[in-house]
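Comments concern the structure below.
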Amino acid sequence: MKIKKAHLILFAFFLITLFENKIKACSMYKITFDGKTMVGCNHDTWFSTPKIWFENAKKPNEFGASFTGARQVGGNRTAPQSGMNEKGLAFSRLVAYYPKKENPFPNRLKIGNEVDYLTDILHKCATVKEVKKYIKQYDHSIFIEDIFIYIDSLGEYLIIEPYQLINGNDPNYVLANFCPSITDNEQARKMERYRNGEDFLKTHNVKSSLEYCTAMSDTMHVCRSRNGDGTLLTSIWDTKDKSVNLYFYHSYDTAVQFSLAEELAK
C-alpha cells in the first residue's frame, strides 16, 4: 500500500513538473536606444520543426511581413510565434497562465483561425496604436493560455492579455511567461530567464547593437537535456533596418540573417 502511494506521489510530481515546464516556455525583450528599437525572442519548445517564412502584402495599402514558428496547426500551416512587417512592427507570443473568467467580450468578432488573425495584424497595422484599434474588434479571450506583445519602430509596445490590453513605452522591457496585470516583479523574478534578462539590463550599459542583443538572448536562453527541448529558435528583429537574425538551438556563434525587403522581393 505504501509503495502504491509513493508511486502516486511521484506520478503527481511528474505531472506538475511537466505542466510547469510547459507554461514556462519562451521569453522576450525590447530595447530602444539611440533611435533604434530591437526585439529579441527566445522560442523555448519541445517542437523540432522551426521555420521562418515571408508573406507579401495581400492587398493595396497593406504590408509584407515575416514570421517564425514551429507548431503545426490545421491545413498544414504554422502558428506564428514572432514576426515583423515592413513598417518595423514586431511581435512575440508567449505561453502564460490567466485564471479563466466570464467572457467580457461576447459581442465582439470571433477569431475563427489563429493564423489568419495573427498574420493579418502585421499585414494591416503599422503602429501599436493601430494594433490596439484592430484587436479591440475581436474577442481575444480565446487565447487564455497566451500573452502577446507588439512593439513598433518607435519603441511603443502593447501587451495583449486574455482580458485586457496594456500600453507601455519603457525604453527597455523584458517579458516571460506571465501576465503583468496579475504578476508582481517578485513573482516574475522566480523565473530564471526573466531574472537573467532583467539583471543583464541592470549590469550592462544598454546598447541597441546586434552584439548586445545576442548576449542578452544568450543569458536568457534555456537548455534542457531532451531532443528539441530548450531554446529552439532565437530571433532578433531590427525594426530600423527591417532585418532579422536567427540562431538555432541557442548556438549564438552562428547566425542566419534575412533582409525583409530582399526576401519579399524574391
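The values are calculated or read from the model by the stated rules, or taken from the named source; none is laboratory data. All values reported here derive from a predicted model rather than from experimental measurement. Glycine also receives a Cβ, built like all others from the backbone with ideal geometry; neighbour counts cover every protein chain displayed. Side chains included, ligands, DNA and RNA excluded: accessible areas come from the protein's heavy atoms. Shrake-Rupley method; radii C 1.70, N 1.55, O 1.52, S 1.80 Å.
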Need one value: the accessible area of residue 108 in square angstrom, 1.4 angstrom probe, rounded to the nearest 10.
60
Between residue 105 and residue 266, what length in nm is gained on full extension when 0.36 nm per residue of separation is reduced by their alpha carbon distance?
53.9 nm
Most mobile listed residue (173, 157, 117) in the chain, GNM with C-alpha springs under 10 Å
117
Between 90, 126, 176, which gets the highest mean-square fluctuation from a Gaussian network model of the chain, Cα cutoff 10 Å?
126
For the full complex of protein chains and a 1.4 angstrom probe, list 119, 49 by accessible area with the highest value first.
49, 119
Report the gain in length on full extension from residue 136 to residue 223: 0.36 nm times residue separation, minus Cα-Cα distance, nm rounded to one decimal.
27.6 nm
Give the ranking of 156, 62 by solvent-accessible surface, highest area first, calculated with a 1.4 Å probe.
156, 62
Using heavy-atom solvent-accessible surface (probe 1.4 Å) with all chains present, what is the largest-first order of 237, 53, 46?
46, 53, 237
Cα-centred dipole magnitude for region 166-266, charges only on beta-carbon of K, R (+1) and D, E (-1), debye, nearest 20
160
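Could you report the chain's accessible area per residue, 1.4 Å probe, as an integer in Å²?
In whole numbers, the chain has 51 Å² accessible per residue.
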What pairs in 100/136; 58/242; 132/266; 30/110; 36/87 have C-alpha atoms more than 23 Å from each other?
132/266; 30/110
So how much accessible area does residue 209 have, in Å² to the nearest 10, using a 1.4 Å probe?
40
Rounded to the nearest 10 Å², the accessible area of residue 110 using a 1.4 Å probe with every protein chain kept is 120
Leaving ligands, DNA and RNA out of it, report the carbon-plus-sulfur percent of the accessible area of the chain at a 1.4 Å probe.
54
Under a GNM of the chain (C-alpha, springs under 10 Å), which listed residue has the highest mean-square fluctuation: 238, 139, 152?
139
3J(HN,Hα) from dihedral phi, region 103-108, Karplus parametrisation 6.51/-1.76/1.60, rounded to Hz, x for glycine, proline
4, x, 10, x, 9, 7
